[in-house]
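Novice: Let me begin by handing over the structure; questions about it come next.
Read-outs: derived from the displayed coordinates by stated rules, not from any lab. Given the structure is predicted, the values throughout are model-derived calculations rather than measurements. No Cβ is skipped: glycine too gets one built from the backbone with ideal geometry, and neighbour counts run over all protein chains shown.
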Amino acid sequence: MNANENRLYAIAEGQQGYFTAKQAVSCGYITQNHRHHIRSGAWIRECRGVYRLARFPASGEGQYVLWALWSRSRADVPLGVFSHQTALSIHELSDVMPARIHMIVPPGFRRNAALPKVLCLHRADLAANDSEPRQGYRVVRALRAIVDLAREGSESRDHLRQALQQATARGLITRPEIRAHPDRPLVESLLEGARQ
């Protein structure tokens, strides 16, 4: 492996094999040669400006890295944070099986191309402590996901109650966190329903 390949592999390794065109350029790859790497089978083009190293093993969570990189800003910084039902699935809470991938993006987020059908975007500003990092992407914390779904009424209270019970049992949500939350009455109403 040459120095460019080593640098790109180090970036891709932290992103489950994925990387952006800008990241490749920062490693010394010339933009005009990207097609050569695709034709040679070394890179796989996943979507505009996002690639995956062919020799890197695929993972079940790779789709989240792909869509996080898709949501990147002009500065190549991912803006999307996985949320709602998708966050519950990532946290392995309740039996929710989302048909689409839910992601929160900033209110001013824009894309020139059509929104991929697999994505459902929610626009909101997130506080720094509303999300947590994973390998190559970010996901909202369990309490934020549950509160967002309860506010929207887009998920059954039984599923949300189940998710809340599981999250508190596993320590993903603490009692002090619930007491300090602005939507405490909403969360406590779900907990009360679980005790009945």
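Novice: Tell me the GluC sites (Glu not before Pro) within the range 80-170 that lie in a loop according to DSSP and have at most 12 other beta-carbon atoms within 10 Å.
Specialist: Answer in residue order: GLU92.
Novice: Which loop-located trypsin sites (Lys or Arg not before Pro) does the range 25-97 contain, where loop means any DSSP state but H, G, I, E or B and the Cβ has at most 16 other Cβ atoms within 10 Å?
Specialist: Those that pass, being in a loop and sparsely packed, are ARG48, ARG55, ARG74.
Novice: Here is a further query. Averaged across orientations, what area in nm² does the convex hull of the alpha carbons in the chain project?
Specialist: 12.4
Novice: Sort the following peptides by mean Cβ neighbour count (other Cβ atoms within 10 Å, averaged over residues), highest first: 128-140, 106-118.
Specialist: Ranked from most to least packed, the peptides come out as 128-140, 106-118.
Novice: Say each of ARG111 and GLU5 gets a label point 7 Å from the Cα, pointing the same way as Cα to Cβ; how far apart are those two points in nm?
Specialist: For the pair ARG111/GLU5, the computed spacing is 3.3 nm.
Novice: Can you give the FRET efficiency for LEU121 and MET97, using 1/(1 + (r/R0)^6), R0 = 22 Å, r = Cβ-Cβ distance, to the nearest 0.05?
Specialist: The value I calculate is 0.65.
Novice: Continuing with the same structure: For the pair THR174 and ALA128, what calculated FRET efficiency results from E = 1/(1 + (r/R0)^6), where r is the Cβ-Cβ distance and R0 = 22 Å, to the nearest 0.05?
Specialist: E(calc), rounded to 0.05, equals 0.75.
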